[in-house]
Each structure stands twice: as C-alpha cells, then as structure tokens.
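Input: a single structure, listed below in structure tokens.
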Amino acid sequence: METLNEPVTMERIFNVPAIKVWKALTNAGQLKQWYFDIKQFKPEVGFEFQFEATGKDNKTFLHLCKITEVEYCKKITYSWRYNGYEGNSFVTFELFAGGVNQTRLKLTHTGWETFPNTSDFAKQNFVEGWTFIIGKSLQEYLERQ
C-alpha cells in the first residue's frame, strides 16, 4: 500500500541510446520541443533555470529550479519549487543503458508534499503531469529523432 508522501516515480524504456535521452534532458533547444520553454540550460551543479507552466485551472506557475547533481549520461537532479509558494522538491532523471539502442529512464520526484496542501499541488497532478511528459511527450520526441 502506498503512503501519501511517497515520491512520484515512473520508469520508461526508450529504444534509443542513452546519449540521445541525455541530450533531450540537458539541451535547451531539445527541452523546448518536449518539456517546457526553458531559455537556458546547462547540466552543471549550481546552474539555475526557470520556466512557466499552466496548471489545470489555467493558472500559471513560475517554476524555479537549481541543478544539484550531475553524472554525465547517467543522472541529473534539480530542485523544483514555485515562485510565491512554500515548499521545495527535487526531480531526478536516471538513465540505465540496456543494450546498444535501449535506455531505461527512471524519474523520481521527491518532496512534492512540502508544497501547500491545495488541489493545485495534489499528488495526482504530479503523477498525471509526469506520465504525460515522460510517457507521451518525451517518447514521441525521441521517436521523431
């Protein structure tokens, strides 16, 4: 049985080499095509970036992020918080090579429960959002490459 504050996690297998997934996760030009409109992105610890995203009620949230961990072509973690709201969370993308042209991606979003206890920040919203981003948007982007 799942407890309320467990991290949001999901795994997907992509039929592309890890380097292609890594570039999709760390190149600003590629991120804009499947993730969010991030103006600048450098996979370096300490690099800060931000982007706006619209929630379910057409409410726009400014996301403030700071990279906290980088292992080239294997792992990237960054903080994920919202301007004007309490709380801080962390998003980790881990890559596992599974042969020449196969990569398993594991996403873990911890700390989402530190955000205000409102419908805007309900766990289900994070689950739905990451399911779409990883399972549809990134999948389709990588298939087009």
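The values are calculated or read from the model by the stated rules, or taken from the named source; none is laboratory data. Bear in mind the structure is a predicted one, so any value in this text is a computation, not a measurement. Note that we place each Cβ from the backbone using ideal geometry, even for glycine, and neighbour counts take in every protein chain shown. Keep in mind that these areas ignore ligands, DNA and RNA; they rest on the heavy atoms of the full protein, side chains included. Shrake-Rupley method; radii C 1.70, N 1.55, O 1.52, S 1.80 Å.
Some values worked out for this structure:
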item	result
Surface/4 estimate of mean projected area, convex hull on alpha-carbon atoms of the chain, nm²	8.7
Under 17 Å from the residue 15 label point (7 Å along Cα→beta-carbon), backbone N, the range 90-105	98-105
C-alpha center-to-center spacing [the range 65-80, the range 98-129] in angstrom	15
Carbon/sulfur fraction of accessible area - the chain, other protein chains in place, 1.4 Å, %	47
Solvent-accessible area of residue 23 with every protein chain in place, 1.4 Å probe, in Å² to the nearest 10	100
Fraction in percent of alpha-carbon pairs per bin - 5 Å, the range 52-126	3, 14, 21, 22, 14, 12, 8, 4, 1
Stretch gain in nm, segment residue 60-residue 128, where the contour uses 0.36 nm per residue and the Cα spacing is subtracted	22.8 nm
Å² per residue, accessible surface of the chain at 1.4 Å	56
Inverse mean reciprocal Cα-Cα distance (Kirkwood Rh) of the range 19-68, Å	11.7
